[in-house]
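Notes for the one structure printed next.
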Amino acid sequence: MRYQLPAVSFVRDFADQGGLLSYGSDEADAYRKAATYVDEILKGAKAANLSVQQPTKFQLAINVRTAKALGLCAAIGARSRRRGD
């Protein structure tokens, strides 16, 4: 909060550690998808024949404490979890 500049990252821990917000793919989902690649390769599939997968789950995390300190209004839906409040 030294310079009071809002910052955004794609890593969830950023918002958990004091950053304003993070928005990025769900890491746990990416690891599960990677495990399916490993499974297919171990079963004998050629890596070159496996399809490329894009992330389908994303996470938005807003640090309410940081938003308030910056004087920003953060509208948080009923379904989201509040962190840092």
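The values are calculated or read from the model by the stated rules, or taken from the named source; none is laboratory data. Everything numeric in this text was worked out from a predicted model, so none of it was measured. No Cβ is skipped: glycine too gets one built from the backbone with ideal geometry, and neighbour counts run over all protein chains shown. Note: areas computed on protein heavy atoms with side chains; ligands, DNA, RNA excluded. Shrake-Rupley method; radii C 1.70, N 1.55, O 1.52, S 1.80 Å.
Which trypsin sites (Lys or Arg not before Pro) in region 1-49 pass both tests, a DSSP loop state and at most 12 other beta-carbon atoms within 10 Å? In loop regions of region 1-49 (DSSP not H, G, I, E or B), the sparsely surrounded trypsin sites (Lys or Arg not before Pro) are 2, 43, 46. Taking a ≥ b ≥ c as the square roots of the eigenvalues of the Cα gyration tensor, region 1-52 is classed as prolate, since a/c reaches at least 1.5 and a/b is larger than b/c. Of 36, 66, 56, the order by accessible heavy-atom surface (1.4 Å probe, DNA, RNA and ligands excluded), from most exposed downward, is 56, 36, 66.
Among 11, 64, 38, 52, the order of accessible area from largest down is 52, 38, 11, 64, computed with a 1.4 Å probe on protein heavy atoms.
Working note: Karplus 6.51/-1.76/1.60 with θ = phi - 60° gives region 35-42 the couplings 5, 5, 4, 4, 4, 5, 5, 5 Hz, where Gly and Pro are set to x.
Taking θ as phi - 60° and the Karplus parameters 6.51, -1.76 and 1.60, the scalar couplings of region 56-72 work out to 10, 10, 10, 10, 10, 10, 10, 8, 5, 4, 5, 4, 5, 5, 8, x, 9 Hz in sequence order, x denoting glycine and proline.
Under 5 Å from the amide H of residue 7 lie the amide H atoms of 20, 21, each residue being 5 or more positions distant or on a separate chain, with H modelled from the backbone and absent for Pro and chain starts. Available extension along the chain between residue 30 and residue 8 is 5.9 nm, counting 0.36 nm per residue and deducting the alpha carbon span.
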